[in-house]
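S.K.: Have a look at this one before I ask anything.
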Amino acid sequence: MYTYFVKQITKRLYSVFCLLTLLICLSFTNTNLAIAENLNNSSVDILKQPPSEITVSLGNAAGELKFEPNFLEFQSGKRYKLVLTNPSPVKHYFTSKDFADAIWTQKVEAGNVEIKGNIHELELKPGAEAEWVFVPLKTGKYNLRCTIPGHLEAGMKGEIVIKS
Ligand SMILES: [Cu+2]
């Protein structure tokens with residue numbers, strides 16, 4: 001008789017334990033779903049934000065080798081449209097690999113072409129213009145330079161800061 005009761009109680013406890021485990025699992029799943037939903041909603045919101053527009057000139061009409069401006073500051077989580085122009089008579093590069101790794105690129109538009117995916121460097125021929133739409137993710141200080149031989153040494157460099 002005694003063993004029968006013990007068996008019954010053990011069975012009961014076991015089913016309660018199973019039920020609890022199931023409930024805990026379900027609540028975790030729900031939390032994860034909620035987090036995923038929030039992320040999705042916020043990224044949709046970011047893409048709905050009108051981008052803040054910043055124009056950078058690569059060189060100038062006078063042929064000076066510099067970025068104008070040569071200091072750029074962005075805020076993480078905001079949407080930006082960086083307009084790059086080259087009013088100079090020679091081609092230039094906008095190179096900042098670490099900065100490119102610290103942002104999420106939505107697209108780059110140049111002429112009638114729209115490019116999606118990761119971009120690390122842009123080359124602008126004389127008179128060219130490109131629009132880079134992105135969301136900065138990782139805070140930090142990043143070096144900007146033009147990789148045409150001699151241009152960095154002549155002063156074609158800058159700094160990009162992403163703040164939180
Ligand atoms: Cu250059």
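The values are calculated or read from the model by the stated rules, or taken from the named source; none is laboratory data. Please read all numbers here as calculations on a predicted model, not as lab measurements. As a convention, Cβ positions derive from the backbone with ideal geometry for all residues, glycine included, and neighbour counts pool all protein chains shown.
S.K.: With respect to Ile160, determine if the residue is closer than 19 Å to Pro50 by Cβ, of a type in the set (A, V, I, L, M) and touching a Leu at 6+ places or on another chain (Cβ under 8 Å).
M.R.: Details: closer than 19 Å to Pro50 by Cβ: no; of a type in the set (A, V, I, L, M): yes; touching a Leu at 6+ places or on another chain (Cβ under 8 Å): yes.
Criteria not met by Ile160.
S.K.: Examine segment 108-117 for a residue that is away from the ligand (no atom under 12 Å from the Cβ), among the charged types (D, E, K, R) and more than 15 Å from the chain's Cα centre (by Cα), and state whether such a residue exists.
M.R.: Yes, some residue in segment 108-117 is away from the ligand (no atom under 12 Å from the Cβ), among the charged types (D, E, K, R) and more than 15 Å from the chain's Cα centre (by Cα).
S.K.: State all residues of segment 89-107 that are touching a Leu at 6+ places or on another chain (Cβ under 7 Å), more than 16 Å from Leu144 (Cβ to Cβ) and within 16 Å of the ligand (Cβ to nearest atom); if no residue qualifies, say none.
M.R.: Lys91
S.K.: Among the residues of segment 32-49, is there at least one that is of a type in the set (Ser, Thr, Tyr), more than 16 Å from the ligand (Cβ to nearest atom) and at pLDDT below 95? Can you show your working first?
M.R.: Filtering segment 32-49 for residues of a type in the set (Ser, Thr, Tyr) gives 42-43.
Narrowing further to those that are more than 16 Å from the ligand (Cβ to nearest atom): 42-43.
Now drop any that are not at pLDDT below 95, which leaves 42-43.
Yes, some residue in segment 32-49 is of a type in the set (Ser, Thr, Tyr), more than 16 Å from the ligand (Cβ to nearest atom) and at pLDDT below 95.
S.K.: Something else: Is there a residue being buried (at least 17 other Cβ atoms within 10 Å of the Cβ) and within 16 Å of the ligand (Cβ to nearest atom) anywhere in segment 71-78?
M.R.: Checked segment 71-78: no residue is buried (at least 17 other Cβ atoms within 10 Å of the Cβ) and within 16 Å of the ligand (Cβ to nearest atom).
S.K.: What number of residues within segment 119-162 are in contact with a Lys or Arg (Cβ under 6 Å, 6 or more places away or on another chain), within 16 Å of the ligand (Cβ to nearest atom), under 21 Å from Val83 (Cβ atoms) and assigned to a loop (DSSP other than H, G, I, E, B)?
M.R.: Qualifying residue count, segment 119-162: 2.
S.K.: Looking at (1) modelled with pLDDT under 95; (2) more than 15 Å from the ligand (Cβ to nearest atom), which is the only condition Gly63 fails?
M.R.: Of everything listed in (1) modelled with pLDDT under 95; (2) more than 15 Å from the ligand (Cβ to nearest atom), Gly63 misses just condition (2).
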